[in-house]
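What follows is a short report on a single structure.
The values are calculated or read from the model by the stated rules, or taken from the named source; none is laboratory data. Keep in mind the model is a prediction, meaning the values are calculated, not measured. Positions of Cβ are generated from backbone atoms using ideal geometry, with glycine treated the same way; all protein chains shown enter the neighbour counts. Surface areas here come from the heavy atoms of the whole protein model, side chains and all, with no ligands, DNA or RNA. Shrake-Rupley method; radii C 1.70, N 1.55, O 1.52, S 1.80 Å.
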Amino acid sequence: MRIRTSERGRAGHLYDAFVAERITREDVAHVADLARLSLSEEELDLFTVQLAAVLDHAEDVESLDTEGVPPTAHPLPLVNVLREDVVRPSLDRAEVLAAAPAVEDDRFRVPPALGEEQ
Amino acid sequence: MTFLTTDAGVGTIVEPFTVTDPSGQAWELVVGLEVHCELATATKIFCGCANEFGSEPNTNVCPVCLGLPGSLPVLNRQVVELAMRLGRALRCRVEPSVFHRKNYFYPDMPKDYQVSQYDRPINVDGELELPDGSVVGIERAHLEEDTGKSTHVGGGGRIHDALHSLVDYNRAGVPLVEIVGRPHIRTPEQARAYVQELRAVLLATGASDAKMEEGSMRVDANVSMRRAGTDELGTRCEIKNLNSTRSLVRAIEYEARRQVDLLSAGERIVQQTRHWDEAEGRTHTLRSKEEADDYRYFPEPDLVPLEPAAEWVAAVDAALPPLPAARRRALSDRTGAEQATAALVVERDLDALVLTAVDAGGDPDRLLTRAANDLAAADVGALTAPAFAAVSRMEADGALTATQAKVVLAELVAGGGDPQAIAAARGFEAMGEDELAAAVDAAVASDPAAWQRFVDGDPKVAGLFVGKVMKATSGKADGKAVNALLRQRAAG
């Protein structure tokens, strides 16, 4: 089914199906949660529709025949940009810590974080 | 010993560790290890800050490793060199690779992502051969950057109860290789052997100083159980916070039993990360395992692909030192050493000394025994291979007893010299049979009551008589020969 976003007014139910095939409101809520974004109900609706349009575009691109085209890892035609293993001066600690919101014991003081202990 | 061809190659089969549940069903262990190693470079992976353990907090930091806007990472050549050395030593293929961003929000990375290799790692498809002859497959050994170090304040230092955390970014951006082993490990002991062997390879190649206690080598264990004799993999749990090989062994045994308790009660294992508590001797749940999708990996736009030239890989191969597995084999081939002895001598880094001493005419069996039991690892002081060879010959020819040989060796280690002269100075000329027999008879006659107890079958009294003979002969007597004579006298 190929329906352009501009056709929504004329075929609302078809448009809803077009969105639902590509992304759900729950998907958007999950991605927002991963990015630590807090979205209102209206924003969730809005971004679900917009992201469906983005995915639709990706489908257009995906439909191209890329047989024999190597995947692009980087837009620049460059590999192996390397530097020698030579120590260079680091920043002054007082200057670094002056930029931190909070400091204790010469360390960055941060709120408690639940999650993986590294 | 059975040999078979597995997907890891040819190796000895290890009898799996099993736990039998109350119904009599046996469950067997499957373990795969993920090992993170800090590479022994002078600087970090993407910037010129020093890669140094134990510096004052936040002194080895710059705009790149602090993730300040506008800074750009550049890959360290030596990181690539060391990663390839390790990869080739693990019999991996070196492939063109790409860096990705692994996105997560945690204050140990100021950028809110960690640069890592995802679907195109530098080293793929290797294997590690252990001293017992078993072979463990290596899926990949990829590059990534280490994270900063968090200290949790309040709540007894436990992350879940902490009031706040303090972060030191000296470690952020230190180069890491993550070695992902295949689930080919069958016992807790094999897991320990794998970590020790990997450590030996890291040290031999100079890739890392591999200190578990300083965190430059960190081991996570994926543990699952399955019905004994089946091939399917069960749901696994990942165990973190393993700070020693002892913790590793204990944690795997604990986790195996925990999972069997659940499985035998008809429950399902939930895939999750668990934290080993060494003091309590148990694992705690830390979190449900994220899906890889949740990290929203995408190619790092600030770094270009890495494609080491074939010439570079060939140069790495040519410069690889002899690796532990090859050294064990060479030692066994030349001396007939048993697997365990060869492993011990190579682990002590004494195989080269033994082989040179064999070339100098030494007795292989005596050399191996002394190297495995009586010489300190790696440091043999002033002992030379020819002197070591001479002592082994004297021992093999009966000119020195085992006890005397150890004394002469200790003196050679301490100050060098001529083994013959040292033996002569100590009065270590071999005792004649008659002289020894006379000394034994005199000892027996000196304590008839004790002798009667020995004759009546109390073996503990033997030590008393051996001691008397040693004293009378100034330690020249061979303890084994004295014991044999005592038994002979008692029987006759």
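Tell me the helices (runs of 4 or more DSSP H) entirely within region A:12-118 that contain at least 2 residues that are modelled with pLDDT of 90 or more. Step through it out loud before you land on a result.
On the way: elements: A:12-22, A:25-34, A:41-62, A:93-98.
It comes to A:25-34, A:41-62, A:93-98.
Could you tell me which of the residues B:Gly133, B:Gly148, B:Gly154 is small (Gly, Ala, Ser) and more than 14 Å from chain A (Cβ to nearest Cβ)?
Numbers: B:Gly148 fails: more than 14 Å from chain A (Cβ to nearest Cβ); B:Gly154 fails: more than 14 Å from chain A (Cβ to nearest Cβ).
Matching residue, one of B:Gly133, B:Gly148, B:Gly154: B:Gly133.
One line per residue, one yes/no per condition, for (1) at pLDDT below 95; (2) part of a loop (DSSP other than H, G, I, E, B); (3) more than 10 Å from every other protein chain (Cβ to nearest Cβ); (4) under 23 Å from B:Leu203 (Cα atoms):
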| site | (1), (2), (3), (4) |
| --- | --- |
| B:Gln78 | no, no, no, yes |
| B:Ala83 | no, no, yes, yes |
| B:Arg88 | no, no, yes, yes |
| B:Arg91 | no, yes, yes, yes |
| B:Asp108 | yes, yes, no, no |
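Would you point out the residue of region B:246-283, among those that are within 21 Å of the chain's Cα centre (by Cα) and charged (D, E, K, R), that is farthest from B:Glu34 (Cα to Cα)?
Here the answer is B:Glu278.
Of these, B:Ala337, B:Ala389, B:Ala424, B:Ala382, which one is of a type in the set (A, V, I, L, M, F, W, C), assigned to a helix (DSSP H, G or I) and either open to solvent by less than 10 Å² (accessible area, probe 1.4 Å) or modelled with pLDDT of 90 or more (or both)?
On the way: B:Ala337 fails: assigned to a helix (DSSP H, G or I); B:Ala424 fails: either open to solvent by less than 10 Å² (accessible area, probe 1.4 Å) or modelled with pLDDT of 90 or more (or both); B:Ala382 fails: assigned to a helix (DSSP H, G or I).
Only one candidate passes the filter, namely B:Ala389.
Are any residues in region B:203-259 open to solvent by 30 Å² or more (accessible area, probe 1.4 Å), among the aliphatic types (A, V, I, L, M) and either touching a strand residue (DSSP E or B) at 6+ places or on another chain (Cβ under 9 Å) or touching a residue at least 12 places away in the same chain (Cβ under 8 Å) (or both), and if so, which ones?
Selection gives B:Ala204, B:Ala228, B:Leu233.
Give the residues of region B:110-125 that are open to solvent by less than 30 Å² (accessible area, probe 1.4 Å) and more than 10 Å from every other protein chain (Cβ to nearest Cβ), sorted by residue number. Walk me through how you get there before you give the answer.
Restricting attention to region B:110-125, the residues satisfying the condition of being open to solvent by less than 30 Å² (accessible area, probe 1.4 Å) are B:114-117, B:121-124.
The answer is B:Val115, B:Ser116, B:Gln117, B:Pro121, B:Ile122, B:Asn123, B:Val124.
Say whether the condition of being assigned by TED's automatic domain parsing to the domain that holds B:Glu238, surrounded by fewer than 21 Cβ atoms within 10 Å (Cβ to Cβ) and at pLDDT below 95 is met by at least one residue in region B:163-182. Explain how you work it out, then say what you get.
Taking region B:163-182 and keeping what is assigned by TED's automatic domain parsing to the domain that holds B:Glu238, we get B:163-182.
Keeping just the survivors that are surrounded by fewer than 21 Cβ atoms within 10 Å (Cβ to Cβ) gives B:163-164, B:178, B:180, B:182.
Filter again for at pLDDT below 95, leaving B:163-164.
Scanning region B:163-182, I find at least one residue that is assigned by TED's automatic domain parsing to the domain that holds B:Glu238, surrounded by fewer than 21 Cβ atoms within 10 Å (Cβ to Cβ) and at pLDDT below 95, so the answer is yes.
Can you go through B:Phe46, B:Phe105, B:Phe99 and tell me which one is open to solvent by 20 Å² or more (accessible area, probe 1.4 Å) and among the aromatic types (Phe, Trp, Tyr)? Even if it seems obvious, please write down each step before you answer.
Numbers: B:Phe46 fails: open to solvent by 20 Å² or more (accessible area, probe 1.4 Å); B:Phe99 fails: open to solvent by 20 Å² or more (accessible area, probe 1.4 Å).
Within the list B:Phe46, B:Phe105, B:Phe99, the selection yields B:Phe105.
Within region B:214-239, can you find the residues that are part of a loop (DSSP other than H, G, I, E, B) and at negative phi? Explain how you work it out, then say what you get.
To start, the set of residues in region B:214-239 that are part of a loop (DSSP other than H, G, I, E, B) comprises B:215-216, B:228-236.
Selection gives B:Ser216, B:Ala228, B:Thr230, B:Asp231, B:Glu232, B:Leu233, B:Gly234, B:Thr235, B:Arg236.
Considering only residues of region B:130-162 that are assigned to a strand (DSSP E or B) and among the aliphatic types (A, V, I, L, M), which is modelled with the lowest pLDDT?
Of the residues in region B:130-162, the ones assigned to a strand (DSSP E or B) are B:135-145, B:149-153.
Add one more test, that the residue is among the aliphatic types (A, V, I, L, M), and what stays is B:135-136, B:138, B:141, B:143, B:153.
Details: B:Val135: 96, B:Val136: 96, B:Ile138: 97, B:Ala141: 98, B:Leu143: 98, B:Val153: 84.
Here the residue is B:Val153.
Scanning for something more than 13 Å from chain A (Cβ to nearest Cβ), surrounded by fewer than 18 Cβ atoms within 10 Å (Cβ to Cβ), closer than 30 Å to B:Arg257 by Cβ and not hydroxyl-bearing (Ser, Thr, Tyr), does region B:282-304 turn up at least one residue? Lay out the reasoning, then the answer.
Restricting attention to region B:282-304, the residues satisfying the condition of being more than 13 Å from chain A (Cβ to nearest Cβ) are B:282-283.
Filter once more, so that each one left must be surrounded by fewer than 18 Cβ atoms within 10 Å (Cβ to Cβ): B:282.
From what is left, the residues that are closer than 30 Å to B:Arg257 by Cβ are B:282.
Then keep just the ones that are not hydroxyl-bearing (Ser, Thr, Tyr); that gives B:282.
Yes: region B:282-304 contains one or more residues that are more than 13 Å from chain A (Cβ to nearest Cβ), surrounded by fewer than 18 Cβ atoms within 10 Å (Cβ to Cβ), closer than 30 Å to B:Arg257 by Cβ and not hydroxyl-bearing (Ser, Thr, Tyr).
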